[in-house]
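This report concerns only the one structure given below.
The values are calculated or read from the model by the stated rules, or taken from the named source; none is laboratory data. As the structure is a prediction and not an experimental result, all values here were calculated from the model. Because the Cβ atoms are built from the backbone with ideal geometry, glycine has one as well, and the counts that use them run over all protein chains shown.
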Amino acid sequence: MNLNVLVLPGDGIGQEVTREAVRVLKQVAGKFHHKLTLTEGLLGGVAIHNVGTPLPEETLQLALEADATLLGAVGLPEFDSWLPEKRPERGLLGLRKALGVYANLRPVRAYAALLDSSPLKNHLVEGVDMIIVRELTGGLYYGTPRGISGEGAETRGVNTMAYSRWEIERIARMAFHLARGRRRKVTSVDKSNVLETSQLWRRVVIEVAPEFPDLELDHLFVDNCAMQLILNPRQFDVLVTENMFGDILSDEGAVLAGSIGMLPSASIGERRSTGAWAGLYEPVHGSAPDIAGQDKANPLAAIGSVAAMLEYSFGLKQEADAVNRAMETVLNSGRVTADLKPAGKPATTTEVGEAVCAALR
Ligand code: IPM
Ligand code: MG
């Protein structure tokens, strides 16, 4: 198979974790005799530095032409005071929207080797295996009107949370389909005791549910869900929620996995004529400027995102499994980065990438 992949390393540790993810991608492509065509592009702060805009037209074209895009991270502290529309993050939001990747899948698994890496008690975390399905191209992140206007005490900031029925229907169906390949339970998360958007969300999810009579559906308010994730995380199988709630809950989910450096993600949209998903694959973590360039960052979220790419965009389940198994081998060996609090000397980003490649051989 010909794998046509665009690589957007982005900012901060995005550069180094992507380098290791690409190393693994090359290894797995070689092992299974696939032809890999890699293109590299600019996104985020690095794109602002080089061409003055966070999402250059060229990057957008490359992404639309690629079979899949692998992304590192975006964001740099030097842009903290910039308006949202000019910031590195806006490049990522524009890319998600342009690719139409409305479903962001964020699996959260407690690896046996990492139980002690989580600050939570082992008996709470053990056996956790859920997937957060975050709506990715609607809600507060994109709603209009938005902006800051007026002056003095009357200065006002406005954002809009809006969802249409069709946006809720398609993300609900995605969650239900995923649940069929898992433990058949869907938890929809909203704030329907306060927000109209959430009332519509819950109503539509309930209306779609009878298409999937074999599944169990329940509903939680987002505040309660934040608590349940820590109190009893094993109760969750597929959790589906709107964009902003999903952003927040998935960082909380990282605590269950031992480190945010462990969480991969797959953002997918409509199926292409080939049956594969148009996809964007990125670690859940940010650019972590405080440790950037030090070869300290955990590359496993980026490497896990490669596995997700192989599975969803290329339908290469065997290859994806091989990468996931290689990651587990490395976790069990204890050769992990500092965020996972290894007993001995922490491994570097490069060493972890090389170890995953070695385990793949
Ligand atoms: C994430 C990140 C992004 C988001 C930022 C970098 C724009 O936090 O993917 O979770 O909020 O979606
Ligand atoms: Mg986030």
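For this structure, a couple of remarks:
- Breaking point among (1) in a loop (DSSP other than H, G, I, E, B); (2) in contact with a strand residue (DSSP E or B) (Cβ under 9 Å, 6 or more places away or on another chain); (3) not basic (Lys, Arg), for residue 119: (2)
- Screening 303, 268 for residues that are among the hydrophobic types (A, V, I, L, M, F, W, C) and part of a strand (DSSP E or B) leaves exactly one candidate, 268.
- Residue that is surrounded by the most Cβ atoms within 10 Å (Cβ to Cβ), among those in the range 279-297 that are of a type outside the set (A, V, I, L, M, F, W, C) and away from ligand 2 (no atom under 16 Å from the Cβ): 279
- Within the range 141-162, considering residues that are within 16 Å of ligand 1 (Cβ to nearest atom) and not hydroxyl-bearing (Ser, Thr, Tyr), the one surrounded by the most Cβ atoms within 10 Å (Cβ to Cβ): 161
- Residues considered: 7, 46. Of these, the only one that is in the same structural domain as residue 321 (by TED's automatic domain parsing), touching a residue at least 60 places away in the same chain (Cβ under 8 Å) and surrounded by 15 or more Cβ atoms within 10 Å (Cβ to Cβ) is 7.
- All positions within the range 175-193 that are more than 19 Å from the chain's Cα centre (by Cα) and hydroxyl-bearing (Ser, Thr, Tyr): 192
Residue-wise test of (1) buried (at least 16 other Cβ atoms within 10 Å of the Cβ); (2) hydrophobic (A, V, I, L, M, F, W, C); (3) under 20 Å from the mean Cα position of the chain (by Cα); (4) in a strand (DSSP E or B).
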position: 58; (1), (2), (3), (4): no, no, no, no
position: 63; (1), (2), (3), (4): yes, yes, yes, no
position: 71; (1), (2), (3), (4): yes, yes, yes, yes
position: 75; (1), (2), (3), (4): yes, no, yes, no
position: 78; (1), (2), (3), (4): no, no, no, no
position: 89; (1), (2), (3), (4): yes, no, yes, no
position: 101; (1), (2), (3), (4): yes, yes, yes, no
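- Restricting the range 233-248 to residues that are surrounded by fewer than 22 Cβ atoms within 10 Å (Cβ to Cβ) and within 12 Å of ligand 1 (Cβ to nearest atom), the residue that is farthest from residue 332 (Cα to Cα): 244
- Residues in the range 213-264 that are among the aliphatic types (A, V, I, L, M), in contact with a strand residue (DSSP E or B) (Cβ under 7 Å, 6 or more places away or on another chain) and under 20 Å from residue 135 (Cβ atoms): 215, 217, 220, 222, 238, 239, 240, 249, 263.
- Hits in the range 44-56 - residues which are outside any helix (DSSP H, G or I) and small (Gly, Ala, Ser): 44, 52
- Listed by first and then second residue, the pairs linking a residue in the range 329-349 that is more than 14 Å from residue 17 (Cα to Cα) and in a loop (DSSP other than H, G, I, E, B) to a residue that is at pLDDT below 95 and among the hydrophobic types (A, V, I, L, M, F, W, C), with Cβ atoms under 7 Å apart and 6 or more places separating them unless they lie on different chains, are 334/343.
- Looking only at the range 267-278, and only at residues there that are surrounded by 23 or more Cβ atoms within 10 Å (Cβ to Cβ) and away from ligand 2 (no atom under 15 Å from the Cβ), the one that is nearest to residue 14 (Cα to Cα): 268
- Lone qualifier among 180, 184, 165, 170 - being basic (Lys, Arg), within 25 Å of residue 312 (Cα to Cα), away from ligand 1 (no atom under 16 Å from the Cβ) and surrounded by fewer than 14 Cβ atoms within 10 Å (Cβ to Cβ): 180
- Which numbered condition residue 135 fails, given (1) closer than 25 Å to residue 307 by Cβ; (2) surrounded by fewer than 21 Cβ atoms within 10 Å (Cβ to Cβ): (2)
- Hits in the range 208-232 (condition: under 14 Å from residue 185 (Cα atoms) and surrounded by 13 or more Cβ atoms within 10 Å (Cβ to Cβ)): 209, 212, 215, 216, 217, 219, 220
- Pairs with Cβ under 9 Å, 6+ apart, first in the range 246-257 and closer than 17 Å to residue 188 by Cα and touching a residue at least 24 places away in the same chain (Cβ under 8 Å), second more than 8 Å from ligand 1 (Cβ to nearest atom) and among the polar types (S, T, N, Q): 249/241
- Tally, over the range 306-323, of residues that are in a helix (DSSP H, G or I) and under 16 Å from the mean Cα position of the chain (by Cα): 7
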